[in-house]
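Taking it in order: structure first as structure tokens, then the write-up.
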Amino acid sequence: MLLLLLLSVFNAVIASVAPRSDYHERLLLRPLPQSALLASFNFRSNETSTAFEQQNFRHFPRSLGQILQHAHTKELHLRFSWGRWDADSWGQMPWNGAREGGTGVELWAWVEAGNEEEAFARWLTLTNALSGLFCASLNFVDATNTVRPVMSFRPEGDHTNASRLHLLHGSLPHEVVCTENLTPFLKLLPCKGKAGISSLLSGHKLFDASWQTMSIDVRPVCEKGGECSVEIEQGVDMALDIERSKRPQDNPIPRPLPISEIACDTSKRYNSHDSCFPLATTADPAWSLQDIFGRPLKGACPLTDTSPDLGYSVCINVPQERNITVHPEGQYSESRSTSPELRCYKPPRNTDFDLHLPSQALPTPLTHPTPPLFASRSINGHGQERGSIRAVIRNPSPTSSIEFSYLESLPWFMKPYLHTLRARIVGSPEDPVKEMYYRPAVDRKRGTHLELHMLLPPSSTLILTYDFDKAILRYTEYPPDANRGFDAPPAVIRVLASSETMGREQDRKGIYVRTTSLLLPLPTPDFSMPYNVIILTSTVMALAFGNIFNLLVRRFVGFDEVAGRGGLVGILRAKIQRLK
């Protein structure tokens with residue numbers, strides 16, 4: 001739980017100085033098992049509500065602020081995610097999963113409106129504007145993939161007119177996150193990737209990670225008896241493979257080392273001069289910022305808050321015994337006031353900054369927090385007509401029961417049968433479902449919205465299943481890669497409470513767990529048949545037309561007539577003489 005404690009300390013320190021601090025940034029590095037490294041970038045800035053309404057932007061991005069005002073959006077949460085977080089090996093997701101989204105693009109917002117129709121119209125305005133700003137396909141978020149959650153999301157900001165706010169949620173699981181999304185993301189930052197920790201963000205490294213997510217959160221923040229402000233928080237989290245990141249760009253293909261450079265297990269009977277079984281290394285690999293990100297940190301951002309609490313923008317969470325070399329020497333400040341396992345550094349300005357960690361065997365490696373829930377989801381069944389969904393949710397705590405909400409937003413061509421819904425706890429007759437919200441789909445107009453409020457006892461596993469039918473689409477509704485299948489959005493799980501947190505104030509950001517997206521095969525026609533028909537028809541028409549044309553136009557001459565004129569040579573000689 002050390003990482004969760006560190007992140008909470010960061011948020012508490014940041015929130016305490018939010019009114020006087022316009023912009024700050026922080027990078028947290030944490031080694032993970034299996035030679036992986038978690039890099040969490042966090043950027044936060046705020047603007048007073050008065051200045052925001054008057055469009056007097058200082059560090060708040062003007063392009064995004066004007067979109068929010070035009071669409072009457074009071075709170076916004078946008079996620080770009082790709083890859084899979086290995087919870088079994090890496091433990092709890094950073095920020096308790098509150099800053100991570102499902103595969104692809106996920107968006108939810110609170111829009112101010114008088115009724116649902118007006119809110120949906122402003123929602124479409126918001127998605128279309130964000131689509132152009134971030135070079136993403138958010139304009140494809142329409143009524144068929146938009147839901148209105150009732151249990152899974154809560155506002156993080158302080159809203160004075162909550163009765164007029166409407167929550168809308170949409171996702172595009174097939175969206176591929178790429179450099180076109182990273183470039184506008186960096187342009188929203190005050191230093192725009194030229195200095196500070198954002199100078200480490202490179203598309204080659206970010207999108208080569210095993211798992212990565214970009215988040216944007218905008219919310220109003222009000223202090224007790226103080227002035228309100230509009231706060232924007234941007235984040236980038238990635239899980240990098242250290243050995244893969246250290247490969248040079250001019251030689252990215254991995255090649256085996258010479259056998260003389262490999263530590264071999266000599267106890268194996270087949271060990272010889274030309275065969276080797278490598279020994280498992282227990283030492284942490286050597287790495288540096290230059291190795292991982294391809295470049296050093298280009299000095300501190302000059303717009304960053306220089307207060308003693310927030311000036312340390314680079315932090316690394318490693319055991320106390322881990323050796324770290326900092327460059328340049330003597331031009332930085334170090335702090336370990338929060339925890340002995342957390343070292344924070346204040347980079348100098350206008351000077352490259354780098355951290356070097358040599359290969360070292362540690363007696364006590366860091367422990368990683370266990371997620372509150374483990375969740376997986378899959379499609380079962382066979383054939384082109386129907387199938388079933390099976391979700392497995394496990395509570396690893398031996399003492400604490402977990403109360404959570406389960407949200408599924410299914411496309412309209414997946415038609416579930418509600419009477420087949422079964423939720424059971426393995427080895428227990430108790431019904432885990434406490435409350436359910438269901439809104440059926442309408443063909444080509446809206447998808448299925450299913451939310452469940454469930455309670456899972458300690459050390460137990462819940463299995464949720466239901467059957468569904470597969471709709472047959474019109475031939476114009478299939479994408480170019482129709483045989484690949486269709487993506488179904490991941491399920492969103494929010495931990496509402498546990499027996500250990502009952503009676504205590506919950507974090508507004510919440511604790512979230514998301515499953516992976518699903519690939520659904522639908523009945524697909526043979527799209528090559530029109531091509532075959534066209535080719536065959538064209539061939540028959542060409543043969544028929546050619547023969548008829550020859551019969552109508554070509555002049556047939558008998559052999560005797562040709563011979564009487566001296567043969568073909570004589571005829572050609574006569575024509576040439578006439579031309580002269």
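The values are calculated or read from the model by the stated rules, or taken from the named source; none is laboratory data. If you're wondering where the values come from, they're calculated on a predicted model, not measured in any experiment. With ideal geometry, Cβ positions are generated from the backbone for all residues, glycine too; neighbour counts draw on all protein chains shown. Remember, those area values only see protein heavy atoms, side chains included, never the ligands or the DNA or RNA. Shrake-Rupley method; radii C 1.70, N 1.55, O 1.52, S 1.80 Å.
Between the helical axis of 116-134 and the longest alpha-carbon principal axis of the chain there is an angle of about 80 degrees. Loop exposure criterion: chymotrypsin sites (Phe, Trp or Tyr not before Pro), DSSP state outside H, G, I, E and B, at most 11 other Cβ atoms within 10 Å. Applied to the chain, the longest stretch between such sites is 271-555. Once R0 is set to 60 Å, what does the formula 1/(1 + (r/R0)^6) return for the Cβ-Cβ distance between THR125 and ARG336, expressed as a FRET efficiency to the nearest 0.05? The pair THR125/ARG336 has a calculated efficiency of 0.80. Partner aspartates and glutamates whose Cα lies under 20 Å from the Cα of LYS246, excluding those fewer than 8 positions away in the same chain, are identified as ASP208, ASP237, GLU261, ASP284, ASP291, ASP352, ASP354. The Cα center of the stretch 121-173 and the Cα center of the stretch 339-390 differ in position by 28 Å. Seen from PHE468, the other residues with C-beta closer than 9 Å to its C-beta sum to a net charge of +1, counting Lys and Arg as +1 and Asp and Glu as -1.
Seen from all directions on average, the stretch 374-520 presents a Cα convex hull projection of 10.2 nm².
Cross-link partners of LYS470 among aspartates and glutamates, defined as those whose alpha carbon lies under 19 angstrom from its own and excluding same-chain residues fewer than eight positions apart: GLU385, GLU408, ASP443, ASP481, ASP487, ASP526. Kirkwood radius and radius of gyration were both taken over the C-alpha atoms of the stretch 143-262, and their ratio Rg/Rh is 1.12.
The residues packed around ALA87, meaning those with a beta-carbon under 13 Å from its beta-carbon, carry a net charge of 0 if Lys and Arg are +1 and Asp and Glu are -1. For Cα extents along the principal axes in Å, the candidate list reads (i) 74, 58, 47; (ii) 133, 65, 62; (iii) 117, 67, 65; the entry that matches the value derived from this model is (iii). Using a 1.4 Å probe on the protein chains only, how many percent of the accessible area of the stretch 207-294 belongs to carbon and sulfur? Of the solvent-accessible surface of the stretch 207-294, carbon and sulfur hold 52 percent.
Relative contact order for the chain: what percent, with Cα pairs under 8 Å and sequence separation of 6 or more? For the chain, the relative contact order is 15 percent. Note on ASP274/SER376: beta-carbon distance plugged into 1/(1 + (r/R0)^6) with R0 of 35 Å gives a FRET efficiency of 0.20.
Beyond 29 Å in Cα-Cα separation lie the following of the pairs LYS74/LYS224; LYS205/LYS415; LYS205/LYS268: LYS205/LYS415; LYS205/LYS268. Across the stretch 13-357, the mean sequence separation of Cα contacts (distance under 8 Å, 6 or more residues apart), normalised by length, yields a relative contact order of 21 percent.
Net charge within 15 Å of LYS434 by Cβ-Cβ distance, Lys/Arg positive one each and Asp/Glu negative one each, not counting LYS434 itself? Numbers along the way, then the final one.
Values: positive: ARG424, ARG494; negative: GLU403, GLU430, ASP431, GLU435, GLU451.
Summing Lys/Arg as +1 and Asp/Glu as -1 gives -3.
Using the alpha carbons alone, the radius of gyration of the stretch 62-136 stands to its Kirkwood radius in an Rg to Rh ratio of 1.08. Fully extending the segment from LEU551 to ASN161 would add 131.9 nm, taking 0.36 nm per residue of separation and subtracting the current Cα-Cα distance.
Computed with a 1.4 Å probe over protein heavy atoms only, the accessible surface of the stretch 366-468 comes to 47 Å² per residue.
Counting only alpha carbon atoms, the long axis of helix 2-16 and the longest principal axis of the chain meet at about 80°. Residues ILE535, ILE197, ordered by accessible area of protein heavy atoms at a 1.4 angstrom probe radius and largest first, appear as ILE535, ILE197. As a calculated quantity, the FRET efficiency between LYS575 and SER528 at R0 = 51 Å, using C-beta atoms, amounts to about 0.50. Computed over the alpha carbons of the stretch 80-232, Rg followed by Dmax gives 16.9, 47 Å.
In this rough spin-label picture, where each label sits 7 Å from Cα along the Cβ direction, the GLN360-THR281 distance is 1.6 nm.
Against the chain, whose longest principal axis is taken from its Cα atoms, helix 567-579 shows a tilt of about 80°. Compute the whole-percent fraction of alpha carbon pairs in the stretch 145-187 spaced more than 14 Å apart. That fraction is 68 percent.
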